[in-house]
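Participant: Questions regarding the structure given below will be posed in turn.
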Amino acid sequence: MTTEELYKKALDLHRRYRGKIQVVSKVPFREYGDLAIYYTPGVAAVSGQVHKDKDSVFEYTNRGNMVAVVSDGTRVLGLGDIGPEAAMPVMEGKALLFKLFGGVDSVALCLKTKDPERLADIVEALEPSFGGINLEDVEKPKCFQITDRLQESLEIPYWHDDHHGTGLVVLAGVINALKVVGKRPADVRVTVGGTGAGGMAILRFLIMGGVKGENILALNTGGVIYEGRKEGMNRWTEEIARQTNPKRKTGGLNEALEGADVFITATRPGPWIKREAISRMAKDAIVFSLANPVPEISPEEAKAGGARIVASGRSDYPNQINNVLGFPGVFRGALDVRARKINAQMMLTAAYTIAQLAEERGLDENSIVPKATDPEVGPKVASAVAKAAMESGAARLSIPVEEVERNARQLIAQHQRIMESMFATTTDF
């Protein structure tokens, strides 16, 4: 299917179904008398119980399985600042993926504000209605400001998917790509293009995963980042400068790629990087070109430049680095143990679990991460994250990890059965 054909089908189906998500009752309603149980007067007893014990809201309502997908529409895919209304299809899609691969209920909340403080105020005010918050497609540096605040102020799991999700799945892919080419994280030289939400997270996760900061070069539009550089810097790029490039190397992309083992770029849609740049890299080079919807360099062009392993964000090429490998399972595990936070230990555990699943399937140059639709990813990541939450003190509940995995499987299967019954006579999905 060509890109034009795919776009046409997407428009047709979204219009026919008027979006991708809906609310469906989870309780049986058979007769008039059921109103007295699920609404008045019976519901007053439930409200009274929650008033006495606020934490019981997670037992008596769906709050413990409900995530808000929040955006202001300022950095949507590769489309940029297209506004909250135009962001809705993407956020609805995110909600669909939460349900399909984690059994997590979620709603799209696209907010009519570009003020980071106001956006954070709104999210904090919404906290009593949700078990978790997923920030999505917010421009930098505003996304960093919001994340810094909400990670501290919220008592429910907070996640910025363009940041945490991207970094987590990239680390899983890099771990396995290095295994395929026979190199170790501590030995490789890495170049990271882009210092937005994705680029920042990739740098942080690589260092947490064993890559030495002294072996990393990062670039933004002003070239290689180094401590003491004045132009194009802010407090987040200054953080990068302190952790990387101790020799204060300067230059642009070509200089940064000279002898690099790994190149990860999460910048603007392409294609704009040429094979000649890749040819400067070391033998058995690894290239992750992650811009959507069109990578910075096509896999074919990267291979022609000498790359041995190439990954992108696209499903029509091998090695798709897709955040859906991360967020559904991470939230499933965090919600099941009523975690207060999603901390570094939980995220690293998720990355290593994803990498291990791919290794169990069999690693090669075209298979360094599981498929986005692999049914084992959500349940396995959920149980690993829940265990890490309990061990790190982030969890309110302590339950067997086997129960978390079983719950994930049941919720995912339940939704699949509903989908099958609803669409038994159509081939659209």
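Participant: Evaluate the following for TYR352: is it assigned to a helix (DSSP H, G or I), surrounded by fewer than 24 Cβ atoms within 10 Å (Cβ to Cβ) and either among the hydroxyl-bearing types (Ser, Thr, Tyr) or in contact with a His (Cβ under 6 Å, 6 or more places away or on another chain) (or both)?
Facilitator: Numbers: assigned to a helix (DSSP H, G or I): yes; surrounded by fewer than 24 Cβ atoms within 10 Å (Cβ to Cβ): yes; either among the hydroxyl-bearing types (Ser, Thr, Tyr) or in contact with a His (Cβ under 6 Å, 6 or more places away or on another chain) (or both): yes.
Here the answer is yes, as TYR352 does meet what is asked.
Participant: Take THR250 and tell me if it is hydroxyl-bearing (Ser, Thr, Tyr), more than 21 Å from ASP161 (Cα to Cα) and either outside the structural domain of THR353 (by TED's automatic domain parsing) or at pLDDT below 95 (or both).
Facilitator: Values: hydroxyl-bearing (Ser, Thr, Tyr): yes; more than 21 Å from ASP161 (Cα to Cα): yes; either outside the structural domain of THR353 (by TED's automatic domain parsing) or at pLDDT below 95 (or both): yes.
Against the criterion (hydroxyl-bearing (Ser, Thr, Tyr), more than 21 Å from ASP161 (Cα to Cα) and either outside the structural domain of THR353 (by TED's automatic domain parsing) or at pLDDT below 95 (or both)), THR250 qualifies.
Participant: Which count do you get for residues in segment 274-288 that are over 22 Å from LEU171 (Cβ atoms) and either assigned to a loop (DSSP other than H, G, I, E, B) or hydroxyl-bearing (Ser, Thr, Tyr) (or both)?
Facilitator: Going through segment 274-288, the residues over 22 Å from LEU171 (Cβ atoms) turn out to be 274-277, 279-280, 283.
Filter once more, so that each one left must be either assigned to a loop (DSSP other than H, G, I, E, B) or hydroxyl-bearing (Ser, Thr, Tyr) (or both): 274, 279-280, 283.
Total satisfying the criteria: 4.
Participant: With GLY73, GLY131, GLY83, GLY78 as the choices, which residue is small (Gly, Ala, Ser) and closer than 17 Å to TRP159 by Cβ? So that I can check it myself, show each step before the final result.
Facilitator: Details: GLY73 fails: closer than 17 Å to TRP159 by Cβ; GLY83 fails: closer than 17 Å to TRP159 by Cβ; GLY78 fails: closer than 17 Å to TRP159 by Cβ.
Only one candidate passes the filter, namely GLY131.
Participant: Okay, next question. Just one of VAL70, VAL76, VAL27, VAL23 is within 23 Å of PHE327 (Cα to Cα) and either loosely packed, with under 10 Cβ neighbours inside 10 Å or in contact with a Ser or Thr (Cβ under 9 Å, 6 or more places away or on another chain) (or both); which is it?
Facilitator: On the way: VAL70 fails: either loosely packed, with under 10 Cβ neighbours inside 10 Å or in contact with a Ser or Thr (Cβ under 9 Å, 6 or more places away or on another chain) (or both); VAL76 fails: either loosely packed, with under 10 Cβ neighbours inside 10 Å or in contact with a Ser or Thr (Cβ under 9 Å, 6 or more places away or on another chain) (or both); VAL27 fails: within 23 Å of PHE327 (Cα to Cα).
From the options VAL70, VAL76, VAL27, VAL23, the qualifying one is VAL23.
Participant: Being within 30 Å of PRO375 (Cβ to Cβ) and of a type outside the set (S, T, N, Q) narrows it down to one of LEU253, LEU217, LEU325, so name that one. Before you say what the answer is, go through the steps one by one.
Facilitator: Details: LEU253 fails: within 30 Å of PRO375 (Cβ to Cβ); LEU217 fails: within 30 Å of PRO375 (Cβ to Cβ).
Unique residue meeting the criteria: LEU325.
Participant: Return the total of residues in segment 200-228 being modelled with pLDDT under 95 and of a type in the set (Lys, Arg).
Facilitator: 0
Participant: Out of all the residues in segment 282-291, is one or more closer than 30 Å to ASN343 by Cα and of a type in the set (Gly, Ala, Ser)?
Facilitator: Taking segment 282-291 and keeping what is closer than 30 Å to ASN343 by Cα, we get 286-291.
Filter again for of a type in the set (Gly, Ala, Ser), leaving 289, 291.
Yes: one or more hits.
Participant: Does VAL138 satisfy being farther than 18 Å from LEU348 by Cβ, touching a His at 6+ places or on another chain (Cβ under 9 Å) and not charged (D, E, K, R)? Walk me through it before giving the result.
Facilitator: Details: farther than 18 Å from LEU348 by Cβ: yes; touching a His at 6+ places or on another chain (Cβ under 9 Å): yes; not charged (D, E, K, R): yes.
Judged against the criteria, VAL138 is a match.
Participant: Given the condition of a type in the set (Lys, Arg) and in a helix (DSSP H, G or I), answer yes or no: does some residue in segment 36-59 qualify?
Facilitator: Of the residues in segment 36-59, the ones of a type in the set (Lys, Arg) are 52, 54.
Pick out the ones that are also in a helix (DSSP H, G or I) and you get 52, 54.
Within segment 36-59, one or more residues are of a type in the set (Lys, Arg) and in a helix (DSSP H, G or I).
Participant: Right, something else. Restricting attention to segment 222-270, and to residues there that are among the aromatic types (Phe, Trp, Tyr) and out of contact with any strand residue (DSSP E or B) (no Cβ under 7 Å at 6 or more places or on another chain), which single residue is farthest from GLY78 (Cα to Cα)? Give the derivation first.
Facilitator: Taking segment 222-270 and keeping what is among the aromatic types (Phe, Trp, Tyr), we get 226, 236, 263.
Subset that is out of contact with any strand residue (DSSP E or B) (no Cβ under 7 Å at 6 or more places or on another chain): 226, 236.
On the way: TYR226: 27, TRP236: 22 Å.
Among them, the one singled out is TYR226.
Participant: While we're here: Would you mind stating whether GLU255 is under 21 Å from ASP162 (Cα atoms) and acidic (Asp, Glu)? Write out each step before concluding.
Facilitator: Working: under 21 Å from ASP162 (Cα atoms): no; acidic (Asp, Glu): yes.
Considered against the rule, which asks whether it is under 21 Å from ASP162 (Cα atoms) and acidic (Asp, Glu), GLU255 comes out as no.
Participant: Ok, one more. Any idea which of SER56, SER25, SER71 is among the small types (Gly, Ala, Ser), under 30 Å from VAL337 (Cα atoms) and within 26 Å of the chain's Cα centre (by Cα)?
Facilitator: On inspection, the qualifying residue turns out to be SER71.
The values are calculated or read from the model by the stated rules, or taken from the named source; none is laboratory data. A quick note: this is a predicted structure, and the numbers were derived from the prediction, not measured. Using ideal geometry, Cβ is built from the backbone for each residue, glycine included, and neighbour counts are taken over all protein chains shown.
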